[in-house]
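The values are calculated or read from the model by the stated rules, or taken from the named source; none is laboratory data. These numbers come from a predicted model, not from an experiment. Glycine gets a Cβ as well: all are built from the backbone with ideal geometry, and neighbour counts include every protein chain shown.
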Amino acid sequence: MDEIASLLEPQIPGLRRYAWALLRDNEAADDLVQDTLEKAIRHWGQRHREGELRAWLFAIQRNLFIDDLRRRKGRGTKVGVEALDSVPASGDATDGHAGMRDLLAGLDALSEEHRAVLLLVGVEDFSYEQAAQVLGVPLGTVMSRLSRARKHLREFMEGGRIPSLRRVK
């Protein structure tokens with residue numbers, strides 16, 4: 001058990017950041033990380049030794065998050081302004097909080113698929129291949145989702161909204 005703990009412990013900060021980015025609630029993020037670690041320990045024997053531990057843990061966490069979203073479907077996720085209290089502002093506090101609030105609003109406006117790939121690659125520094133493994137999608141899908149996520153987030157930050165999808169016949 002000490003061997004497992006020594007492998008899992010360095011992964012906790014990254015899991016925590018990703019959980020907070022998904023949920024924007026400290027307690028819910030802690031619960032998600034706890035559930036992730038419990039499931040990883042419970043299924044430790046099923047882990048592929050040649051696979052990367054970090055990607056496996058993030059895949060567990062994402063799957064738990066998606067499962068919870070499906071259970072709560074229809075209720076929506078509520079994020080209050082108090083979520084910004086735990087995010088340090090750089091420079092002028094007013095400008096920092098406003099910029100962070102805009103960025104969080106832009107992330108919230110992205111689809112779950114776009115937000116997940118942007119957080120994994122942009123925040124957690126996963127390679128495209130690792131992100132594809134976590135998300136269970138082909139490499140090309142990761143690259144196209146990341147490109148669209150960056151484009152939509154940039155447009156949101158410039159204009160205040162994510163463009164809606166057009167139906168092509």
For this session: Return yes or no: is Leu32 among the hydrophobic types (A, V, I, L, M, F, W, C), closer than 18 Å to Ala116 by Cβ, modelled with pLDDT under 95 and out of contact with any Asp or Glu (no Cβ under 6 Å at 6 or more places or on another chain)?
Result: no
Exercise. Just checking, how many residues over the stretch 28-42 are without any contact (Cβ under 8 Å) to a residue 24 or more places away in the chain and either buried (at least 19 other Cβ atoms within 10 Å of the Cβ) or closer than 17 Å to Leu69 by Cβ (or both)?
Worked result: 3
Exercise. Does any residue of the stretch 130-145 turn out to be outside the structural domain of Trp20 (by TED's automatic domain parsing), at pLDDT 90 or above and in contact with a Gly (Cβ under 9 Å, 6 or more places away or on another chain)?
Worked result: yes
Exercise. Can you find a residue in the stretch 14-21 that is part of a helix (DSSP H, G or I) and surrounded by fewer than 14 Cβ atoms within 10 Å (Cβ to Cβ)?
Worked result: no
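Every residue, every condition in (1) surrounded by fewer than 17 Cβ atoms within 10 Å (Cβ to Cβ); (2) under 20 Å from Asn26 (Cα atoms); (3) modelled with pLDDT under 55, yes or no:
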{"residue": "Phe58", "(1), (2), (3)": "no, yes, no"}
{"residue": "Phe65", "(1), (2), (3)": "no, yes, no"}
{"residue": "Asp68", "(1), (2), (3)": "no, yes, no"}
{"residue": "Gly76", "(1), (2), (3)": "yes, yes, yes"}
{"residue": "Asp85", "(1), (2), (3)": "yes, yes, no"}
{"residue": "Pro88", "(1), (2), (3)": "yes, yes, yes"}
{"residue": "Met100", "(1), (2), (3)": "yes, yes, no"}
Problem set entry | Qualifying residue in the stretch 36-56 (condition: farther than 22 Å from Gly136 by Cβ and either among the polar types (S, T, N, Q) or in the same structural domain as Gly122 (by TED's automatic domain parsing) (or both)) | no
